[in-house]
1. When the accessible area of region 16-99 is split by element with a 1.4 Å probe, what percent falls to carbon and sulfur?
2. Using only C-alpha atoms and all pairs of different ones, pull out the Kirkwood radius for region 159-224 in Å with one decimal.
3. With a point put 7 Å past each Cα toward its Cβ, work out how far TYR58 is from LYS246 in nm, to one decimal.
4. Starting from the Cα of SER45, step 7 Å toward the Cβ, then list every residue of region 111-125 with an amide N under 19 Å from that point.
5. Multiply the residue gap between LYS139 and ASP234 by 0.36 nm, knock off their C-alpha separation, and tell me the result in nm, one decimal place.
6. Along its principal axes, what span do the Cα atoms of region 26-72 show, with the longest given first and each in whole Å?
7. Rounded to the nearest whole Å², what accessible area per residue is found for region 89-211 with the 1.4 Å probe?
8. At 7 Å along the Cα-to-beta-carbon direction for both PHE206 and GLU34, put a label point, then send me their distance in nm to one decimal.
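The values are calculated or read from the model by the stated rules, or taken from the named source; none is laboratory data. Being a predicted model, the structure only gives us computed values, none of them experimental. Ideal geometry is used to build each Cβ from the backbone, glycine not excepted, and the neighbour counts take in all protein chains shown. Areas reflect the complete protein model, heavy atoms only, side chains present, ligands, DNA and RNA absent. Shrake-Rupley method; radii C 1.70, N 1.55, O 1.52, S 1.80 Å.
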Amino acid sequence: MAPHVPREHREQHGKDAPPGFIPPMAAEDVAAVEAILGYDFADKSLVELALTHGSFYYPYRPGDTYERLEYLGDGVLTCLMSREVFGTYRTLPPGPLTRLRAANVDTEKLARVAVLRGLHRFLRHKAPQLEGQIHVFIKEMCKYPVHSNGLLDPPKVLSDIVESLIGAIYFDSNFDQEEVWRVFRNLADPLISLETLGKHPVSELFEFCQKTRRGVKIMKDEWDKNLKVEVLIDGELVGSATYAQKKEIAQNRAAKAALDKLKETMGQTESELAPADVSEPFDELDIAGTLNTNAS
């Protein structure tokens, strides 16, 4: 594949164009995306549409975006992944089947696909902070080879473009599900299996405390004041986390910090437990055992 030319260079010609001019996607970029997907579009315009974010038209009147194709791709992926896990795990009950399906088509998994396959490089947008958010996600996802199970906050646009491209293939192929599955199966390889499916930190914490006869309470009272979520074990503060973007991520990180601390201190009395604090950036959480123990 030819080296990718930065967007600002490809669109230089647009600076001298009339107001409202929207540069088309370069033919070489369309070909590069087709090579990544392993699919040759009959309608090449679908590639451009599937990769066009609403911000790309700023400051002019909004035009067509990937949203309708994203809707189509989301639906077909859910159906195809349901079929895959149902056929692969013939005795597995609905609960685990649902978790397996979700893990393979959720925002983080699809965002990983976009990054690992290089699809994010072709996203057409003018969102000022998006490139930085993508860079942070790429850096943090390296800590979790398969999936973070709720500890990372990937930019949703990354998963959106995977779904929109899948939707574009579904439409372009005259709704051929087998062709869509062939493309997605290659893109998403390796799929998350029952053996590599991790546990959500909140669920794992509650299971751990139930087995060890501990009481657990997740406190969000401080969120509006300082964006902090705290985990109490038998009334003692054991873990906390802050995360500016989303309360759910802070909750998951607090649960993970508390779980790690509990496992680290097995054999100690609960009164000896020191609170584990996780603050943004996530580098402060050391899952190997060395936790920031600043009191909340």
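1. Numbers: 2820 of 4900 Å².
Summing carbon and sulfur atoms, their accessible area is 58 percent of the total for region 16-99.
2. Numbers: mean 1/r = 0.0631 Å⁻¹.
Evaluated on region 159-224, it is 15.9 Å.
3. Distance between the two pseudo-spin positions: 2.1 nm.
4. 124
5. Values: separation 95, 0.36 × 95 = 34.20 nm, distance 3.57 nm.
Result: 30.6 nm gained on full extension.
6. 33, 24, 16
7. Values: 5830 Å² over 123 residues.
Roughly 47 Å² per residue, with all protein chains present.
8. 5.0 nm
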